[in-house]
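Okay, so here's the structure we're looking at.
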């Protein structure tokens, strides 16, 4: 198929899809006017029921907690796939390259590593009270840690981004989520049922199982992202595929 | 005007697909796929928007205050996580393809493999 034919076929299909979009959107309530019953209900019952002031977190880790279990394992599987695909031919520490950061950049950057990781931990810790959560905070923790590579060099980042060390941590996060679900099952409740008392509204002791699930996913996301970063950095420093 | 956000979502989806169909580079292709996926965030959040609504977080906000849809927000969160991890997997596959075929142009790869 020539490039031209492909574009013609695509444009024809795209026109059809655009028409279907138009038809579908015309059937939606106008922007800003729709209020779904499910949303309305959750906005009113989540705080009284779960004492969790962040309703999004209550949905992610409780009302739709089973969904999040699936999501955790999508993340876990994808990271396992990346590690498998990028596995080095022989395991050796790549030599340092790209150590181009100036002293000033290093000085400020290393401070930002701590600040970034701390912001991430804070986002996880208070994720079910204020905006944030395990997923968002986990990414921030990993981003803070990977900054160490950019402002310093690979050997400084290596202890943090070593796959052998991070794999068990990631498994702990993903498995921990499932174990918390199974604990409910053992207690005679449905899988992932919220089994602890709701605690007091707006404090860290609120939401029952939500804080535990939140930390489990925070740990998993942070470890998973660090593994991804470190695999791609190692691939960049030490391409395993130069001989084909 | 009130349907503009939905139209934006549709446009972002189609422009991403156009990039996928015409791409000459696997990395560019992966990013175009991410653009397409981003249209789902725009659509989900537009569907959940309530005029004058606050964020669905009731810390310091009286319960019962008009708020936007929290369900679509949590769905977007799932969407973003899946998008990023799948992107990483696709890029890793792209590296493998480059190792085997010595090219990142999808057209040339098809010719090589026959």
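The values are calculated or read from the model by the stated rules, or taken from the named source; none is laboratory data. Quantities reported herein were computed from a predicted structural model and do not represent experimental measurements. When we count neighbours, we look across all protein chains shown, and the Cβ atoms used for this are built from the backbone with ideal geometry, even at glycine.
So which of B:10, B:16 ends up being at the interface with chain A (Cβ under 7 Å from one of its Cβ atoms), in contact with a helix residue (DSSP H, G or I) (Cβ under 6 Å, 6 or more places away or on another chain) and modelled with pLDDT of 95 or more?
Result of the check over B:10, B:16: B:10.
Residue-by-condition table, conditions (1) outside any helix (DSSP H, G or I); (2) under 13 Å from residue A:198 (Cβ atoms); (3) more than 7 Å from chain B (Cβ to nearest Cβ):
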residue: A:42; (1), (2), (3): no, no, no
residue: A:45; (1), (2), (3): no, yes, yes
residue: A:59; (1), (2), (3): no, no, no
residue: A:73; (1), (2), (3): no, no, yes
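Being touching a residue at least 12 places away in the same chain (Cβ under 8 Å), surrounded by fewer than 21 Cβ atoms within 10 Å (Cβ to Cβ) and not in a helix (DSSP H, G or I), is that true of even one residue in segment A:169-189?
Among the residues of segment A:169-189, not one is touching a residue at least 12 places away in the same chain (Cβ under 8 Å), surrounded by fewer than 21 Cβ atoms within 10 Å (Cβ to Cβ) and not in a helix (DSSP H, G or I), which makes the answer no.
Starting from segment A:33-51, take each residue that is more than 27 Å from residue B:6 (Cβ to Cβ) and list its partners that are outside any loop (DSSP other than H, G, I, E, B) and at pLDDT below 90, counting only C-beta distances under 9 angstrom and pairs at least six apart or across chains.
Once the first residue is more than 27 Å from residue B:6 (Cβ to Cβ) and sits in segment A:33-51, its partners that are outside any loop (DSSP other than H, G, I, E, B) and at pLDDT below 90 give A:50/A:206; A:51/A:199; A:51/A:206.
So is residue B:47 crowded, with 19+ Cβ neighbours inside 10 Å, under 22 Å from residue A:65 (Cβ atoms) and at the interface with another protein chain (Cβ under 9 Å from one of its Cβ atoms) or not?
no
Looking at (1) more than 12 Å from chain B (Cβ to nearest Cβ); (2) at pLDDT 90 or above, which one does residue A:188 not meet, given that it meets all the others?
All conditions are met except number (2).
Within segment B:1-40, track down each residue that is free of Cβ contacts under 8 Å to residues at least 60 places away in the same chain, assigned to a helix (DSSP H, G or I) and over 22 Å from residue A:16 (Cα atoms).
B:28, B:31, listed by residue number.
Does segment A:37-54 contain any residue that is more than 21 Å from residue A:204 (Cα to Cα) and touching a helix residue (DSSP H, G or I) at 6+ places or on another chain (Cβ under 9 Å)?
Yes, the conditions are met somewhere in segment A:37-54.
When segment A:126-161 is examined, which residues are found to be in contact with a helix residue (DSSP H, G or I) (Cβ under 8 Å, 6 or more places away or on another chain), part of a helix (DSSP H, G or I), more than 14 Å from chain B (Cβ to nearest Cβ) and more than 17 Å from residue B:81 (Cβ to Cβ)?
Result: A:144, A:145, A:147, A:148, A:149, A:150, A:151, A:154, A:156, A:157.
Check residue B:87 against each of (1) within 29 Å of residue A:127 (Cβ to Cβ); (2) surrounded by fewer than 18 Cβ atoms within 10 Å (Cβ to Cβ); (3) free of Cβ contacts under 8 Å to residues at least 40 places away in the same chain; (4) facing chain A (nearest Cβ under 10 Å) and name the one condition it does not meet.
Tallying (1) within 29 Å of residue A:127 (Cβ to Cβ); (2) surrounded by fewer than 18 Cβ atoms within 10 Å (Cβ to Cβ); (3) free of Cβ contacts under 8 Å to residues at least 40 places away in the same chain; (4) facing chain A (nearest Cβ under 10 Å), residue B:87 fails exactly one: (3).
Across segment A:18-39, what is the number of residues that are surrounded by 15 or more Cβ atoms within 10 Å (Cβ to Cβ) and either assigned to a helix (DSSP H, G or I) or more than 7 Å from every other protein chain (Cβ to nearest Cβ) (or both)?
Of the residues in that region, 4 qualify.
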